[in-house]
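Since every read-out is calculated from the coordinates, none of them should be taken as a lab result. Keep in mind the model is a prediction, meaning the values are calculated, not measured. Every residue, glycine among them, receives a Cβ derived from its backbone with ideal geometry; neighbour counts consider all protein chains shown.
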Amino acid sequence: MEFSTNLLIFSGLALLMIAAAMAAVTTSRIMRAVTYLLFVLFGTAGLYFMLHYTFLGAIQIIVYAGGIVVLFIFAALLIGKGTIDITHTSKLRYLAGLATSFSGLGIALYLIRNTNFVAEKFSSSDIPMKTVGTALMSTGKHNYVLTFEVLSILLLACMVGAIMIARKK
Amino acid sequence: MIIPAEYYLILATVLFFIGVFGFFTRRNLISLLISTELMLNAVDINFAVFNAYCHPEHLEGFFFTMFGIGITAAETGVAIAIIINVFRNAKSIHIKNLRELKY
Amino acid sequence: MNILNLFVLIPLVMLFALWLCRNIKQIRTVMVAGSTLLLALSVYLTIDFIALRSAGVTAPQLYCNSWSWFPSLNICYSIGVDGISVAMLLLSSIIVFTGTFASWNIKPQTKEFFLWYVLLSLGVYGFFITTDMFAMFMFYETALIPMYLLIGVWGSGKKEYSAMKLTLMLMGGSAFLLMGILGIYYGSGATTMNIHEIAQLNNIPTDIQYIFFPLTFIGFGVLGALFPFHTWSPDGHASAPTSVSMLHAGVLMKLGGYGCFRIAMYLLPQAANDLAWIFIILTTISVVYGALSAISQTDLKYINAYSSVSHCGLVLFAILMMTQTSCTGAILQMLSHGLMTALFFALIGMIYGRTHTRDIRQMQGLMKIMPFLAVGYVIAGLANLGLPGFSGFIAEMTIFVGAFMVDDTFHRAVTIIACTSIVITAVYILRVVGKILYGEPTNEEHKKLSDATWDERFTVICLVICVAGLGIAPMWVSDLINSGVGDIITNLRP
Amino acid sequence: MEFSIFILAIPILSFLILGLCGMKMPHKAAGLLGTTAIATVAILSYIAAAIYFGAGRNDEGLFPTLIPYALQWLPLGNTLSIEMGIMLDPISIMMLIVITTVSLMVHIYSLGYMKGERGFQRYYAFLSLFTFSMLGLVVATNIFQMYVFWELVGVSSYLLIGFYYTKPAAIAASKKAFIVTRFADLFFLIGILIYGYYTETFSFTPTELLLSSAATVLPTALGLMFIGGAGKSAMFPLHIWLPDAMEGPTPVSALIHAATMVVAGVYLVARMFPLFIAYAPEVLHMIAYVGAFTALYAAIVACVQTDIKRVLAFSTISQIAFMMVALGVSLSDDPHKGGLGYMASMFHLFTHAMFKGLLFLGAGAIIHAVHSNEKSHMGGLRKYMPVTHITFLIACLAIAGIPPFAGFFSKDEILAACYNYSPAMGIFMSFVAALTAFYMFRLYYLIFWGKSHYEEELALYTAGKTTHEPHKPHEAPATMTTPLIILAIITCVAGFIPFGKFISSNGHAYDIHIDAAVATTSILLAVAGIVIATIMYAKGDSKITQAINSSMKNIINAAYHRFYMDELWLFVTKKIIFNCISRPIAWFDRHIIDGAMDMLAIVTQKLGNYVRPMQSGNVQSYSVWFLGGALIIILTLIYFA
């Protein structure tokens, strides 16, 4: 039963992600939090695979799991002692955060439940790499070369900026 | 069976609000950043899901997610640079100790 | 070129010139030249105005002109004067002129002081020449804001507190005022902000008038020291530097009375007639209460500030009586009080500059030490208590005679109550004169002090001449004012 | 009569010159300038009087009322306006003569009396100002002009009483004088307002039509005006300022507080007399009662005062009260039918000005000689100051009402008028007249007779008991004695002026005839008073005096303190008005009214402080609020959508 396999995988991923996410925001050690975050990110990549966005999944793993998490780890290591003790805030604020989050969640879920999405056109085939490449590198409607270039420059700028900021005086 | 889009959306929402909760309650700059990542991630999922379920003929959500990931990377880089710098100056990254910038 | 524009242009040029000034000599030159020019201009305007009137020009406003400013809201820069505004312009010029000499040695930051001073006078002049409500409001605000800095920076004593209090209370008043102006504008349904055009339409519904008359009247009344909104006055005056006190009590407080008359009463005649009694009670309280409070004060400036409350109360009181005579009296009282109180504040400033105290218990026998200032003070005091031959007398008498013309018990009673202020005034004036000027000087420090310098003498003499001039020959001013008052009264009492 | 403008112009010019550049002048120049100016004015007044009375009566048998100048000074609405002008009629001419004569005498006298005083020029400037204002007052064409000058004389009086401005008593006295009269003027002003509104004019002679329409309010208006007059003329209970006003230089007391300003109230009532008689006779009689009480009160107080100027001050109050009584007892405007009082009052005003001026100037000469106001420093002065003695005696005889001196004639007319009104009033006033004779001669004996204070001191000094050599009293210089002599001569002859020929209540000539019965009684009573005084005081403190003093200790003590009227006033002003009204109001203003304003500010600030932590800069709490707000908005949208 194909569908049940899918559902099973999805359920597993979902549970993993939620559990990891919760752990990430509650654990008191940064290294652990980062590790839990890593699980969530991997789970997300899994979701992309399930949606047949293989390329996206790959990027997710490479950039997020491979790049960003490493950055976090470095930061945590660099800061060292300061990272150990993550204290939670005052009880009032804790409750306020909890309440807002839950009510937000409730509203969002309510909205999702009561919204009818447009016709399901889900195709279960992978997007060819060529399509992605063409769209990324050409101009015109639904093509993204400009964005791509802008993003490249942004990344460059960020790199330079990060170096400038973090550099020792 | 195709998993209904709602399932994905519900998952993303839950993740998002976990991130929100973290953002509200944590007191450490890196933890805050982690919470932010959670939220961004949830949003990315949504983009992909909507793309896949509603407009598969175009790849807008796909690319949005892609660029989002890219920007997240950039943002994290800068943020971590700042955090390190702050730590270097203030010897702490607990936000309750970081009040000098206000004045 | 309309001559009235010069009243705004000259201060603007002065501002620019002051900005360029490098040393105190240049600053003084600019100030003296500018204020003399303004004085000459207003004297010329007065003469020309009287000439035009006696040549038979009967238009309510002369030298009218209008430039559209913000067309979508019908805001115009429209100007024009009647007898009242001419008189007020003359008063302002005299005070600005003498105030310049009174602040001859102001320190520190002389240049900045005079910049704000000129900006303040710009607002005052602009207020009196415009006939557009919005432009009027704008000039009003222009005059208020510099006051904050002038008191806050160059004042003495609790200056920050006083400046803040004064500004906040006056700004509170102008918030009411803005509501009132908008109410009048929309209530009349007019396509203009011009006061006279709105007055001619005279179609503001009565219920709207009932709402906006109190707002407008209180809005201006705060500046006119209407009880119970007068408390900025003692603190503000006590802290302000001499020339600012002069300008404030002499001219700025008159903006209140003028505005009440010109906008609140003129444009909302129905409500003015029906609601006047409330404000008559308040102003009567002002008159007597201010005078009684003055009796037991010990600070010279407080005494004078409360005296101003009493006298300005009389202005509003007279306006509310709504007879031709009482309103003429009100304008005369504005002129008279402006000159007298400026003289008073100038003298107090000069005395304070020497003795470094304003506490009447610490001064004695100043007549022997500084005869000129002491004689000036006695003259100012006598003028203030309404001695014939000085302006105070004719103003008060015109008001009382005018107020007595309203033939009912309520008005009669309040008039008689207001009359008692002339006795109370005598008490507090003579108390001060007796305490600080007469007797043998007791304070050794004070014995070494010198009498007035030339610039101080000049200020005092100018003002004394004006006060006496108005008091001895009141008929021409009275004629000048009468024509302007007539219009408004006709609107009020059809 | 166009030259009459100079009568006003010269004094004011003299004031301006002396006031502005007097300080740079030598004393002598200033004094001469002032004196010359007033002499010119006096001569002009005499010429004016001569021309006016010389021109004779018109067809109706009246002296015409001339108004050589009148200009509109201040228009007040459509009907009313204040005019400034000059009006000449018999009483204003009479006043001109009185004022200029006494003023001239005082000017001359002051050359000697004030010699070497600091502020000599200022003194002359103020005298000129006073003369100007007083002249302006009497020639006023309307009630408002009168009020204007009324205030001006008030202020000149204030300035002159406070002439010795370093003396605390003088400062207090000047303040008191001004404030008390100002208080009375308030009523005067209200009276004028009522009068002006209902008669639609400030003129003394409104048209009959307007008057009859205003008839119901006229008594009120006139009554209020009288209160103003009572303040100036020191009627009980507004008299308290006058004795204190003696702190001023003595010539000033002679001019202002004896001869001219204080009779302004009488003049006012006389001015309004036709209206009083026609519309408010009951108010007029009220005036008579007030006057009679004041006369008695002041006479009793005068009997026990020790300061000679105070005695004279109370005597002045008493004599002015006589004038008021005379006006008040008038029953019609015909002197033959009960209107005698008007003429008598004016006559007494005239003669009183002369002999009271003389008394004050004489007192000034004595004070000048002994350097004290107290009777205990005097005694036996007749040897040292013969001229002063003789002139003072003449004045005392005049005021006591002994023929042939001026006072006899005028007082006799007053008493005749009183008897005509009611016998009770006549007897009462005769008694007061006798009291007058008594206290004046008491004063006379205390000053000029009895043991000489100087000789006692000298004896002590020669015996070596004191080291302080007493100052020998000496006769005053010629500048001071000349005015005394002139005034004494006037006092001797003024009674023979056929006063009724010039001034009477209805303007027609009236022959003064002396009522034998009244005259005899009054002379007898006066002589009785003098005899008692002689017995008691001629030889210093006799046994009788001591006996009387000890038997009536309480009354004398009370009278000495003026029956505690000053204390009462002080209680009202200081305790009630200052401490119970003004202080609380000032406190109320600072703490309640201002407190309310401050409270607004404080509340705003508190609110601000309360809200401020929300703007902590803490992004987390911002985001909580943000999300919370967003959620609320979304909920609302969902709810309404």
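Per-residue ellipticity at 222 nm computed for chain B from its helices equals -27000 deg cm²/dmol, with DSSP H segments shorter than 4 residues left out and the rest contributing -39,500 (n - 2.57).
Under 26 Å of direct C-alpha separation, and excluding same-chain neighbours fewer than eight residues apart, D:LYS375 reaches these lysines: D:LYS115, D:LYS167, D:LYS176, D:LYS309, D:LYS356, D:LYS383, D:LYS451, D:LYS465, D:LYS472, D:LYS539, D:LYS543, D:LYS553.
Annotation note: trypsin sites (Lys or Arg not before Pro) in the range D:433-469 located in DSSP loop regions with a Cβ neighbour count of at most 16 within 10 Å are D:LYS451, D:LYS465. Between C:VAL32 and C:THR453, residue separation times 0.36 nm minus the direct Cα-Cα distance comes to 149.9 nm. In plain terms, the residue of C:CYS260, D:CYS303 with the fewest other Cβ atoms within 10 Å comes first and the most crowded comes last, giving D:CYS303, C:CYS260.
Applying a DSSP loop filter and a limit of 14 other Cβ atoms within 10 Å to the trypsin sites (Lys or Arg not before Pro) in the range C:398-494 leaves C:LYS448.
The mean number of Cβ atoms from other chains found within 10 Å of a Cβ in peptide A:157-165 is 5, as a whole number.
Annotated for the range C:3-492: lysine pairs at least 8 residues apart or interchain, Cα distance under 17 Å, count 11. Relative to the longest principal axis of the C-alpha atoms of chain D, give the angle of the C-alpha long axis of helix D:516-537, reported between 0 and 90° and rounded to the nearest 10°. Relative to chain D, helix D:516-537 is tipped by roughly 80 degrees. Taking a span of 27 Å or more along the helix axis (Cα atoms) and a mean Kyte-Doolittle hydropathy of at least -1.0 as the rule, the DSSP H helices of chain A that qualify are A:2-26, A:30-50, A:91-114, A:145-166. Residue exposure proxy: C:SER35, D:SER128, D:SER372, ordered by other Cβ atoms within 10 angstrom of their Cβ from fewest to most, comes out as D:SER372, C:SER35, D:SER128.
Tell me the angle of helix C:5-20 to the major Cα principal axis of chain C, expressed in degrees between 0 and 90 and rounded to the nearest ten. Tilt of helix C:5-20: around 40 degrees. The helix-only estimate of mean residue ellipticity at 222 nm for chain C, built from DSSP H runs of length n ≥ 4 each weighted as -39500 (n - 2.57), is -24500 deg cm²/dmol after division by the residue total. Can you pull out the GluC sites (Glu not before Pro) in the range B:5-95 whose DSSP state is coil and whose Cβ has at most 13 other Cβ atoms within 10 Å? Those that pass, being in a loop and sparsely packed, are B:GLU57.
Note on the range D:79-97 and the range D:186-247: Cα centroid distance 17 Å, given to the nearest whole angstrom. If R0 equals 60 Å, the separation of the Cβ atoms of C:LYS158 and D:GLN72 corresponds to a calculated FRET efficiency of about 0.75. Mean per-residue shielding of peptide B:57-63 is 6, counting Cβ atoms of other chains within 10 Å of each Cβ.
Placing a label point 7 Å from the Cα of B:ILE2 along the Cα-to-Cβ direction, the residues of the range B:51-82 whose backbone N falls under 20 Å from that point are B:51-63. Within the range D:433-474, name every residue whose backbone N is under 18 Å away from a label modeled 7 Å from Cα of D:LYS539 along the Cβ vector. Output list for this probe position: D:442, D:445-453. Counting, for every residue in D:186-196, the Cβ atoms of other protein chains within 10 Å of its Cβ and taking the mean gives 4. Between C:GLU197 and D:ALA463, the modelled labels are 10.3 nm apart [label points 7 Å from Cα along Cα→Cβ]. Protection proxy ranking, highest mean first, for peptides C:420-426, A:63-69, A:10-16, D:228-234: D:228-234, C:420-426, A:63-69, A:10-16, where packing is the per-residue count of other beta-carbon atoms within 10 Å, averaged. Couplings for the range D:456-463, taken from phi via the Karplus curve 6.51 cos²θ - 1.76 cosθ + 1.60 with θ = phi - 60°, read 4, 4, 5, 4, 4, 5, 5, 6 Hz in order; Gly and Pro are left as x.
In chain D, the DSSP-assigned H stretches of four residues or longer account for a calculated mean residue ellipticity at 222 nm of -22500 deg cm²/dmol, using -39500 (n - 2.57) per stretch and the full residue count as denominator. Shape class of the range B:5-97 from the alpha-carbon gyration tensor: oblate, with a/c at 1.5 or above and b/c at least as large as a/b. I need the shape label for the range D:296-378. Rule: rounded when a/c is under 1.5, else prolate if a/b > b/c, else oblate, with a, b, c from the alpha carbon gyration tensor. Oblate is the answer for the range D:296-378, as a/c is 1.5 or above yet b/c matches or exceeds a/b.
For chain C, the longest principal axis of the C-alpha atoms and the axis of helix C:421-432 are separated by about 20°. Here each label is just a point 7 Å from Cα along the line to Cβ, and for A:LEU16 and D:TRP625 those points are 4.2 nm apart.
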